[in-house]
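Read-outs: derived from the displayed coordinates by stated rules, not from any lab. If you're wondering where the values come from, they're calculated on a predicted model, not measured in any experiment. We place every Cβ from the backbone using ideal geometry, glycine too, and count neighbours over all the protein chains shown.
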Amino acid sequence: MMKSRKKSIWVFGDYRNYYQNRVTLQLLSKAVDLASVIDAEVCALVVGHEIEEWIMEYTAHGADRILAIDHPSLESYSTEHYLALVEKLARERNPDILLIGATDFGREFAPRLAKRLGTGLSADCVGLDMTPEGLLVQVAPSFGGNMLAEIVTEEHRPQMATVRPGTFKEIPHNAERTAVVERLPLPEDLPVPRVRVIEYERAAERDHTIENATVIVCGGRGMGNKNNFKKLDDLAALLGGDVGATRPVVYAGWAGHDALVGQAGKHIKPKILFSFGISGAIQHTAGLGEADFIVAINKNPQATMMKMADVAVTADAADLLNHLIRELKKRIRD
Ligand SMILES: Cc1cc2nc3c(=O)[nH]c(=O)nc-3n(C[C@H](O)[C@H](O)[C@H](O)COP(=O)(O)OP(=O)(O)OC[C@H]3O[C@@H](n4cnc5c(N)ncnc54)[C@H](O)[C@@H]3O)c2cc1C
């Protein structure tokens, strides 16, 4: 009797940008969860040049197998080269699932790859689940973001999804982990790229982003005006955290787009989240799935945000904020 092939879940290694590289770790962590349901192997694809660091990183974060192609011609991202490589590998090895971060890179790469492989793609997923039969449930915003759809790819393989950074928590780095590393040669029949990369410049790196902050002070329209909103910075500074915002606040110019939390913005996973004057619309709360503890402040005790909070304080948001800042400063002084 022929031995049946072990199922495999592939995660595309997107490591080119410091901010984006965390999404690969988050996907590896989720892939480990999904793989346990169907007894599959988690495989990371690492394509590029001088990629040892990423091979070690993905091994330490959950990959069972690494498919690595290291070649100087892969140093700069070329859609044509990368597509040809991954298409070839996928056709040879038939992964069951292929996950890609919804970064600028992933958003360009994944739809083209899905088209070449003749399979479906759920873009910008905000959740993933696995049925015992091995169907990947891809949770994606749809109808302009007013609904979350659960999508399955019943017939075609691989089942493909891009996933927003911040949707899942990465598992802690474990340097003791080992993986099978397959170092593959660069295929000879790659197309000659029609695009020539003249220069590649890495974006300036920041210490942290709101997606990996452990304390977040988030404000909404209930803050009343820009001056009140700006005081959230003071509370965040006192608590060693970051400031987040809802969409109306970003549109009003009280906060930058970087601070937007929710379906159209960042997915956050703080240990503690303070939510000031926020109603709790689904498009906002879609970004809060991983917050450990929520304190909501709202003048309306019936607001959705108050119902989903661990601690709900019925109060004027700006008044309570001022009070908290005063109190914390006093305690620091004393
Ligand atoms: C396609 C699409 C995508 C979207 N994506 C996002 C997204 O990514 N992120 C996002 O945030 N939104 C998003 N939205 C908008 C979302 O639907 C809501 O409109 C938005 O989240 C509401 O923001 P808010 O809670 O600040 O404002 P409101 O809904 O107006 O709520 C204000 C809250 O403040 C309270 N309040 C008022 N005055 C005070 C006071 N003095 N003291 C205390 N509380 C007070 C009110 O009781 C209320 O609960 C999206 C919408 C669409 C259609």
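Miscellaneous remarks
- The convex hull around the C-alpha trace of region 65-152, projected and averaged over every direction, spans 6.9 square nanometres.
- Cross-link reach list, aspartates and glutamates versus Lys299, counting only Cα pairs under 20 Å and skipping chain neighbours closer than eight places: Asp310, Asp316, Asp319
- Cys43, Cys125, Cys218 arranged by Cβ crowding within 10 Å, fewest neighbours leading: Cys125, Cys43, Cys218
- Full extension of the chain segment joining Leu239 with His173 gains 21.1 nm, where the gain is 0.36 nm per residue of separation less the Cα-Cα distance.
- Distance from the C-alpha centroid of region 59-107 to that of region 210-260: 37 Å, rounded to the whole angstrom.
- The three principal axes of the Cα atoms in the chain give end-to-end lengths of 69, 44, 40 Å, sorted in falling order.
- Computed extension gain for Asn322 through Lys271, at 0.36 nm per residue and net of the alpha carbon distance, reaches 16.1 nm.
- Eligible lysines near Lys330 by straight Cα distance, threshold 18 Å, same-chain separation 8 or greater: Lys231
- Eligible lysines near Lys7 by straight Cα distance, threshold 19 Å, same-chain separation 8 or greater: Lys30, Lys88
- Spacing of the modelled spin labels on Ala315 and Lys6, each 7 Å from Cα toward Cβ, amounts to 5.5 nm.
- When the Cα positions of Gly289, Leu99, Leu34 are compared along the charge dipole of the chain, Gly289 comes out farthest toward the positive end, with charges on each C-beta of Lys, Arg, Asp and Glu.
- Assigned charges on the beta-carbon of Lys, Arg, Asp, Glu; region 8-183 dipole about Cα centre (debye): 320 debye
- Coil-residue GluC sites (Glu not before Pro) of region 23-75, DSSP, other Cβ within 10 Å capped at 10: Glu50
- Derived scalar couplings between HN and Hα for region 177-190 equal 5, 10, 9, 7, 9, 9, 9, 9, x, 6, x, 7, 9, 6 Hz in order, rounded to whole Hz, by the Karplus curve 6.51 cos²θ - 1.76 cosθ + 1.60 (θ = phi - 60°), x for Gly and Pro.
- From its DSSP helices (H runs of at least four residues, each -39,500 (n - 2.57)), the chain gives a residue-normalised ellipticity at 222 nm of -9500 deg cm²/dmol.
- Gyration tensor verdict on region 210-333 (Cα atoms; rounded if a/c is under 1.5, prolate if a/b is larger than b/c, oblate otherwise): rounded
- Cα convex hull, region 128-241: 316 Å³ per residue, rounded to a whole number.
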